[in-house]
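Let me begin by presenting the structure, written as structure tokens, before commenting on it.
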Amino acid sequence: MSERPAMRLDQFLKLQGLVGSGGQAKLMIQSGEVMVNGEPETRRRRKMVDGDVVHFEGSDYPFKDSDLEQNGSSLD
């Protein structure tokens, strides 16, 4: 049985255009500036699942499985 494709939190921030680089995503996440489902998230490799909501700089960004298609690949 194969794992479902997944996207990491840092990749989601880049895909949404919220950060300019992976390094910037790492700093923002590790400093506690990113929340997922109302809780601070400091793990940049956190795997996003359909229905997660990322809160960043005063706005909410829902994650949908279709975001994986935008990225073009599985990100395991």
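Bear in mind that the values in this text are calculations on the coordinates, not laboratory data. Please read these numbers as outputs of a predicted model, since none were measured by experiment. Neighbour counts are summed over all protein chains in view; Cβ atoms, including those assigned to glycine, are modelled from backbone coordinates with ideal geometry.
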Quiz item: Which whole-Hz couplings ³J(HN,Hα) result when phi for each residue of the stretch 55-69 is put into the Karplus expression 6.51 cos²θ - 1.76 cosθ + 1.60, θ = phi - 60°, listed in order with x for Gly and Pro?
Solution: 10, 8, 6, x, 10, 9, 10, x, 9, 10, 3, 5, 5, 5, 5
Quiz item: In 10 Å bins starting at 0, how do the alpha-carbon pair distances of the stretch 7-64 split up by percent?
Solution: 27, 67, 6
Quiz prompt | Derived scalar couplings ³J(HN,Hα) [the stretch 22-29; Karplus, 6.51 cos²θ - 1.76 cosθ + 1.60; whole Hz; x for Gly, Pro] | solution = x, x, 5, 4, 4, 4, 5, 5
Practice problem: Identify the residues of the stretch 18-55 with backbone N under 18 Å of a label point that sits 7 angstrom from the Cα of ASP65 along the Cα-to-Cβ direction, or state none. | Solution: 47-53
Exercise. Considering Cα pairs under 8 angstrom that are at least six residues apart, work out the relative contact order of the stretch 6-49 and quote it in whole percent.
Key: 48
Quiz item: Sequence-distant or interchain residues sharing an amide H contact under 5 Å with ARG46, placed H: which?
Solution: LEU9, ASP10
Quiz item: If amide H atoms are built 1.01 Å from N in the plane of the peptide, which residues on other chains or at least 5 residues away come under 5 Å of the amide H of ASP52?
Solution: PHE63
Quiz item: How large is the charge dipole for the stretch 7-64, taken about the Cα centre, if only the Cβ atoms of Lys, Arg (+1) and Asp, Glu (-1) carry charge, to the nearest 20 debye?
Solution: 360
Quiz prompt | Burial order of peptide ranges 25-36, 56-67, 9-20 (average beta-carbon count within 10 Å, highest first) | solution = 9-20, 25-36, 56-67
